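Asks: The structure that follows is given in the form of structure tokens.
Each reported figure results from applying straightforward, stated rules to the coordinates on display, with no laboratory input. Not measured: the values here are computed from a predicted model. A quick note on method: Cβ atoms are made from the backbone with ideal geometry, for glycine too, and the neighbour counts reach across all protein chains shown.
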């Protein structure tokens, strides 16, 4: 039950942070600072969400020593997904720096959660 509460708290925190990132993107577009495609942001969000859900389920089931491998697999997958988008989306090429900043923000969130899960696992 304790692991389940950790999972719910982590998932809620991730959703709140993601909502803040979407609001920030919307505000930047409203003020004509920078207009980014929401589809790419949603793709990064869902890949990170699936990654975190997988790690949270593994943590809740108390499977030891595989959270790090799951994390590495999803990081590689997310990186290649970003590379694919960079090649085939013309808008991505025009705003490559902001999209990779968004990628790194989500990656940082993911790393923080993985470190906390690994520490609680031991």
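Asks: Name every residue in region 107-121 that is within 11 Å of residue 71 (Cβ to Cβ) and surrounded by 14 or more Cβ atoms within 10 Å (Cβ to Cβ), in order of residue number.
Replies: Residues satisfying the conditions are 107, 110, 113, 114, 117, 118.
Asks: If you scan region 66-102, which residues turn out to be in contact (Cβ under 8 Å) with a residue 40 or more places away in the chain, in a helix (DSSP H, G or I) and within 14 Å of residue 41 (Cα to Cα)?
Replies: 85, 91, 92, 98, 99, 102 - these are the residues of region 66-102 that are in contact (Cβ under 8 Å) with a residue 40 or more places away in the chain, in a helix (DSSP H, G or I) and within 14 Å of residue 41 (Cα to Cα).
Asks: Mind checking whether some residue in region 69-83 is surrounded by 12 or more Cβ atoms within 10 Å (Cβ to Cβ), over 12 Å from the mean Cα position of the chain (by Cα) and within 20 Å of residue 35 (Cβ to Cβ)?
Replies: Yes, because at least one residue in region 69-83 is surrounded by 12 or more Cβ atoms within 10 Å (Cβ to Cβ), over 12 Å from the mean Cα position of the chain (by Cα) and within 20 Å of residue 35 (Cβ to Cβ).
Asks: Going through region 42-60 one residue at a time, which ones are surrounded by fewer than 13 Cβ atoms within 10 Å (Cβ to Cβ) and touching a helix residue (DSSP H, G or I) at 6+ places or on another chain (Cβ under 8 Å)?
Replies: Within region 42-60, 57 is the sole residue that qualifies.
Asks: Okay, moving on. Of these, 28, 43, which one is more than 13 Å from residue 110 (Cβ to Cβ), assigned to a helix (DSSP H, G or I) and free of Cβ contacts under 8 Å to residues at least 24 places away in the same chain?
Replies: When all the criteria are applied, what remains is 28.
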